[in-house]
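I have placed the structure first, in the form of structure tokens, so that the comments after it can refer back to it.
The values are calculated or read from the model by the stated rules, or taken from the named source; none is laboratory data. Note that this is a predicted model, so its numbers are computed, not measured. When we count neighbours, we look across all protein chains shown, and the Cβ atoms used for this are built from the backbone with ideal geometry, even at glycine.
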Amino acid sequence: MTSFPFANLFPTRIQYRMLLAGLGLLLAFPTVAQRGLEQYLDNARQSSPLILDNQNQIQANALEAQRLQALYTKPLVQLTGAAQFAPIFSTNGGGFRPELNSNGADRYFGYDLAVSNGGLYQGLVNVTQPISNLFRARAYAEPFVLASQIGQTVIGLGRHEVERVVTDQYILCLQDQLQVQYTDSLLKLLGEQREIVLRFVEASLLKRSDLTLVEIETQTQRNLRVGYQTAYRRDLLELNALSGIADTTLVDLVPLNLTIEADIGAAESGFTRRYTLDSLALLAQQNIFELRYRPQWNFVGNGGLNTSYLPALPRRLGFSAGVSLVWTLYDGHQKRLNRQRTALLQQSFGNYRQFTLTQNTVRRERLRGELRGLAERLIVYNQQIAGYESVLASYRAELLLGQLSIINYVTVLKNMVAARRDALLLQSNRQLLINAYNYYNW
């Protein structure tokens, strides 16, 4: 049987597979680079102000813990000085003369010598050393140690949130990119078909309406491409903004294939670790409150000059030493009341923790169900696509024999194209669902 030249107009199954393989080529944009998800995630982590702020807070908490260690365990050495003059005006012997340091005047104007003695002259080095106070230093430093751990948890939560948001946006960009790639590959195929149909129309083997039909479909795909191109640029710039990348050039994104991580079950979650640490922080504050009920001893001492009589200044160099005690014996049962308050607040954190665990468990189960339903839909779409390919193969044979209009063939081709596009969207939705599942499974 003589082969009919019109057969080259219709793509075979191999050509369709080549069409799908061509999705790896981005023909829509003049790309200048290629970026993967990790590049965006790394930049987002490094530029996140929340993460940077908590890193600074952790360092500040460590310094505060060191300061408290010094406050409650190291000696405090201070230098104090004073020079106060209180002259009098003596009227002894009928005169009226000033005296800086009186030598026994009993009739005078000025401060009472029994109080001022003419002035006060001091130059002392004071030393205060807490005694057996290491437990107190540890107790006061504990909240800042826990605050650093809470800061680490907040950093982890911030990174986790950034990773989810950036990954979701990356998947949306990939979806736009795939749609552009697929449309460009289809436009290329339609362009080849138009050239063939045009030659057959000029040879009066096909009608002008057949060429018009191909041109209409080509224009439809071009309009779709404009929309996909605009969406890709918009979503890519938003991805750059979320990642802290000051770049407006269009790039080629590396394909992504997320996988479901193992279920953490009822284990401690990254979302609940904060509540556990908050509860411990309350307990640390309670321990600090109860320190007031323990005796606090301090060694105190000083040495230097201390006199109120200026002429005797050279002989008034000396020192003193001793201990001081502060011990709270009764304050209206504040200790018991504060313990009850702490227990109630810890109960609230426990309620938050349990609610979050339950909430995330339910969410993971919901996402697993959605993924199962989506997998079933993908099977149906693949069956539809296989059916369309089978129908197109039959239509091709009928067209070769002149038993079928090209309109029917193009209609089935468009339906298959729509089915393939829907399958691509489902694949993107699957990646989004997996990303959401991994987010709550943390």
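Taking residues in the range 340-365 that are in contact (Cβ under 8 Å) with a residue 40 or more places away in the chain and within 18 Å of Ser269 (Cβ to Cβ), and partners anywhere that are part of a helix (DSSP H, G or I) and of a type in the set (A, V, I, L, M), the pairs with Cβ atoms closer than 9 Å and at least 6 places apart or on different chains are Phe349/Leu282; Arg363/Ala436. Residues in the range 198-217 that are touching a residue at least 60 places away in the same chain (Cβ under 8 Å) and either in contact with a Leu (Cβ under 9 Å, 6 or more places away or on another chain) or among the β-branched types (Val, Ile, Thr) (or both): Phe200, Leu206, Val214, Glu217.
Quick check, is Gly110 within 28 Å of Arg315 (Cα to Cα), modelled with pLDDT of 85 or more and surrounded by 12 or more Cβ atoms within 10 Å (Cβ to Cβ)? Against the criterion (within 28 Å of Arg315 (Cα to Cα), modelled with pLDDT of 85 or more and surrounded by 12 or more Cβ atoms within 10 Å (Cβ to Cβ)), Gly110 qualifies. Thr361 meets each of the listed conditions (1) among the hydroxyl-bearing types (Ser, Thr, Tyr); (2) touching a helix residue (DSSP H, G or I) at 6+ places or on another chain (Cβ under 8 Å); (3) part of a helix (DSSP H, G or I) apart from (2). The criterion of being buried (at least 17 other Cβ atoms within 10 Å of the Cβ), modelled with pLDDT under 90 and under 28 Å from Gly151 (Cα atoms) holds for Ser269.
A count restricted to the range 70-95 and to residues that are part of a strand (DSSP E or B) and under 30 Å from Thr128 (Cα atoms) stands at 10. Of the residues making up the range 128-149, just one is hydroxyl-bearing (Ser, Thr, Tyr) and more than 25 Å from Val323 (Cα to Cα), namely Ser148. Based on this model, can you work out whether Gln169 counts as within 28 Å of Ala419 (Cα to Cα), under 20 Å from the mean Cα position of the chain (by Cα) and in contact (Cβ under 8 Å) with a residue 40 or more places away in the chain? Judged against the criteria, Gln169 is a match. Looking only at the range 315-354, residues that are surrounded by 13 or more Cβ atoms within 10 Å (Cβ to Cβ) and under 30 Å from Gly304 (Cα atoms) come to 1 in all. Of all positions in the range 314-330, at least one carries a residue that is farther than 30 Å from Phe289 by Cα, part of a helix (DSSP H, G or I) and either free of Cβ contacts under 8 Å to residues at least 24 places away in the same chain or out of contact with any Ser or Thr (no Cβ under 8 Å at 6 or more places or on another chain) (or both).
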